[in-house]
Amino acid sequence: MLHAPRDGYHLTAIDRPGFGETTPLDVEVRLTRQAEVIEPLLEGGPAILVGHSLGGSVVLEAAARFGDRVRGVVVAAGALDPDLEDVWAIQHWGRSRLLSWLLPRALYNSNEELIAYEAQLRKLAPRLARVRCPVVIVHGTEDRQVPYANVPFMEAALGPNAAAVETVRLDGADHFLPWKHTETLWDAVARVRALSPPVPSKP
């Protein structure tokens, strides 16, 4: 999406704590804290948040916490169902003193996030009822990293309270939607915009 912006939108990409150019360098596994990092970017008015993969849980946490400043959400290949999360034994080996020195920071931090992720999703699950804005879910049926089975969980958790919940099913698509299905994601953003109330003009 960063390489194909659409007219009429201001696009901001976020480095989550522990990744990219952010500080601190250490990993932050708490979804609540990651959502708080987004809050200052919402001061300019209601925003549409787009989250890919683990980022889907972060933007939904932000929508639950800062609902009046979130116009809508697009969840692309989002991992939200805690029952679908597995931690492999080799992931714990990555915490050993030797391997932790050898792994690049982003890989080490990502591993720490994934080890803690199921517990974080279980904390998030009841808060999904606070999401009131429209949500569009985009997910591929051949996603090996985050199975399509996450979609029914999101629909059930968000459906009763969100202004609207719509799912775009991409038959045969894998996990890498921002790179392979950019136009579909922009269409999802436009759909969220259409489903949400118009933003009042500034005087």
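Which of the residues belonging to the stretch 28-40 are farther than 19 Å from Arg71 by Cα and surrounded by 19 or more Cβ atoms within 10 Å (Cβ to Cβ)? Glu28, Leu31 - these are the residues of the stretch 28-40 that are farther than 19 Å from Arg71 by Cα and surrounded by 19 or more Cβ atoms within 10 Å (Cβ to Cβ).
Taking the stretch 10-46 as the range and being at pLDDT 85 or above and hydroxyl-bearing (Ser, Thr, Tyr) as the test, the residues that pass are Thr12, Thr32. Arg122 meets all of the listed conditions (1) surrounded by fewer than 17 Cβ atoms within 10 Å (Cβ to Cβ); (2) touching a Gly at 6+ places or on another chain (Cβ under 9 Å) but one, namely (2). Based on what the data block shows, is Glu155 open to solvent by 40 Å² or more (accessible area, probe 1.4 Å) and under 16 Å from the mean Cα position of the chain (by Cα)? When the stated conditions are applied, Glu155 passes them.
Each residue in the stretch 165-190 was checked for being over 19 Å from Glu85 (Cα atoms) and open to solvent by less than 20 Å² (accessible area, probe 1.4 Å), and 6 pass.
The set of residues in the stretch 120-151 that are in contact (Cβ under 8 Å) with a residue 24 or more places away in the chain and farther than 20 Å from Arg65 by Cα comprises Val138, His139, Gly140, Thr141, Glu142, Asp143, Arg144, Gln145, Val146, Pro147, Ala149, Asn150. Of the residues making up the stretch 50-84, those that are buried (at least 20 other Cβ atoms within 10 Å of the Cβ), more than 20 Å from Leu170 (Cα to Cα) and not small (Gly, Ala, Ser) number 6.
Only one of the numbered conditions (1) at pLDDT below 75; (2) within 14 Å of the chain's Cα centre (by Cα) is violated by Leu49, and that is (1). One residue stands out in the stretch 99-116 among those that are open to solvent by less than 60 Å² (accessible area, probe 1.4 Å) and out of contact with any helix residue (DSSP H, G or I) (no Cβ under 7 Å at 6 or more places or on another chain): the one that is modelled with the highest pLDDT, namely Ala116.
The values are calculated or read from the model by the stated rules, or taken from the named source; none is laboratory data. Keep in mind it's a predicted model, so treat the numbers as computed, not measured. Positions of Cβ are backbone-derived with ideal geometry, glycine not excepted, and every protein chain shown enters the neighbour counts. SASA here: full protein model, heavy atoms, side chains in, ligands and nucleic acids out. Shrake-Rupley method; radii C 1.70, N 1.55, O 1.52, S 1.80 Å.
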